[in-house]
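Following: one structure in structure tokens, then a few remarks.
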Amino acid sequence: MEYSGFQVFGGTVLTFIEGFSTFTLLAHQFLMDEQVGTSDAAGNFVIDKEKLYPMPNLLRAFARMGREFGDLPLYRAGLTIQKNAAYPPSMLSLGLVEAIPFLDVGYYLNHACRDGLPLFDVTKNEMRYSGGIGHYSFKGVPGKKEIKGFVDAPYPCPYGHGVVLGVAQRFEPSATVTHDSGPCRKTGDKACFYTVKWT
């Protein structure tokens with residue numbers, strides 16, 4: 001199974017769930033159906049934020065959410081995960097163009113291989129396993145308040161769109177993100193291309 005060697009940290013799953021807003025109870029059920037999380041004696045959904053959960057199971061739950069409820073809950077989940085992300089103070093002092101490459105680092109920090117270690121090694125400042133789960137790759141356009149890039153991660157397109165907007169607005173509140181015409185993961189393409197602009 002594709003991505004079978006990869007896992008997601010429980011704390012990340014909790015942040016995904018928060019973004020589902022009014023769909024939270026359904027998100028809980030979809031996740032439990034995929035063995036992501038359990039229920040306690042009172043029937044409450046439980047995710048252990050220190051535990052690792054199989055990435056394919058989470059992807060199946062996301063796909064089901066998209067099929068049954070459309071793009072909006074996925075988009076909101078992506079937007080929320082970045083708006084709530086903890087950034088080091090040194091990163092918050094950067095401009096958007098300098099900060100957006102760290103989006104890919106954050107993505108890899110929140111995923112692990114079977115050994116349970118994050119895919120990004122903060123002690124060596126390098127990827128432990130690059131490319132296996134795609135990337136959030138963005139670069140500034142010289143002389144413009146604009147960034148171009150792509151997302152080829154396996155999460156749904158609307159989720160990725162929300163993630164990019166969430167991080168962009170953390171650094172530039174006026175930022176907008178447009179899905180470029182052409183390739184899209186929703187239609188089977190490998191990547192989605194985005195343009196970020198701000199005033």
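Please treat every number below as a calculation from the coordinates, not as lab data. Treat the numbers as computed from the prediction; the structure is a model and nothing was measured. Positions of Cβ are backbone-derived with ideal geometry, glycine not excepted, and every protein chain shown enters the neighbour counts.
Of note:
- When the range 7-80 is reduced to its Cα atoms, the Kirkwood hydrodynamic radius in Å: 12.1
- Lysine pair count for the chain with Cα-Cα distance under 24 Å and sequence separation of 8 or more or different chains is 18.
- For the chain, the relative contact order comes to 21 percent (Cα pairs under 8 Å, sequence separation of at least 6).
- DSSP loop GluC sites (Glu not before Pro) with at most 14 other Cβ within 10 Å excluded, longest remaining stretch of the chain: 51-199
- One compactness figure for the chain is 1.00, namely its Cα radius of gyration divided by 2.2 N^0.38 Å.
- Using alpha carbons only: equivalent-ellipsoid semi-axes of the range 91-197, gyration tensor based, whole Å: 23, 19, 11
- Calculated [θ] (222 nm, deg cm²/dmol) that DSSP helices of n ≥ 4 give over the chain, each run adding -39,500 (n - 2.57): -11500 deg cm²/dmol
- Restricting the range 49-138 to trypsin sites (Lys or Arg not before Pro) in coil, as DSSP defines it, with at most 11 other Cβ within 10 Å: Lys49, Arg114, Lys124
- Only Cα pairs under 8 Å and 6+ residues apart enter the sum, and on that basis the relative contact order of the range 91-197 stands at 23 percent.
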